[in-house]
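For reference, the structure is listed below as structure tokens.
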Amino acid sequence: MPTFRLTMKKNICIYALVLIILTLLLSRFCVSRVTYQAQDETYLTPAQEAYLGTLRFCESRGYENDRIIDSNKKFSYKPYMFQMDTFLEQGKLYGVLDKNLTDKQAEKSRIIYDRKIQEKIAYFMLLDGKQSNWLNCYRTKLNREPFPKN
């Protein structure tokens with residue numbers, strides 16, 4: 001009997017240790033996410049996250065860090081398919097990008113491919129009612145629904 005009790009105590013200690021480690025890992029993830037959002041000054045509601053996710057998937061089918069030549073013979077950069085002019089103009093307008101950033105710098109540094117930056121610019125544009133920049137996806141996948149304000 002003493003061996004059984006010792007094994008049972010050992011198993012309980014191992015389970016408790018695993019539970020503590022998982023709790024620490026999960027709490028670290030939650031804290032870092034909140035900190036990131038606070039630093040970014042952009043908090044997305046679940047409805048806004050879903051809207052942006054639907055738009056992003058419709059535009060790029062889940063592929064990132066890629067570009068295509070659009071119908072107007074200009075590059076569109078995934079995941080939100082920004083063309084360089086729109087990316088720079090709107091990014092500077094909303095204070096997401098440095099006012100002195102050039103198209104060559106944005107391409108060379110690959111900042112135009114950054115999903116978080118594209119998402120932040122798209123967020124502000126959609127808040128201002130600029131859905132027509134994504135007209136096909138706005139009409140089809142988003143069913144002409146306005147961007148949720150909160």
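Taking other residues whose beta carbon is less than 15 angstrom from the beta carbon of residue 73, and scoring Lys, Arg as +1 and Asp, Glu as -1, yields 0.
Peptides 75-87, 121-133, ordered by how many other C-beta atoms sit within 10 Å of their residues on average, highest first, read 75-87, 121-133. Only alpha carbons enter this Debye calculation for the range 37-150, each as an equal point scatterer, and the log10 of I(q)/I(0) it gives at q = 0.20, 0.24 Å⁻¹ is -1.14, -1.59. The GluC sites (Glu not before Pro) found in the range 49-85 that occupy coil by DSSP, while having at most 14 further C-beta atoms within 10 Å, are 64.
The distance between label points at residue 130 and residue 103 comes to 1.7 nm (points 7 Å beyond Cα on the Cα→Cβ vector). Under the combined filter of DSSP loop state and at most 11 neighbouring Cβ atoms within 10 Å, the range 74-110 retains these trypsin sites (Lys or Arg not before Pro): 99, 110.
Bear in mind these aren't lab numbers, they're just calculated from the coordinates by the rules spelled out. For clarity, every value in this text was computed on a predicted model and none was experimentally measured. Using ideal geometry, Cβ is built from the backbone for each residue, glycine included, and neighbour counts are taken over all protein chains shown.
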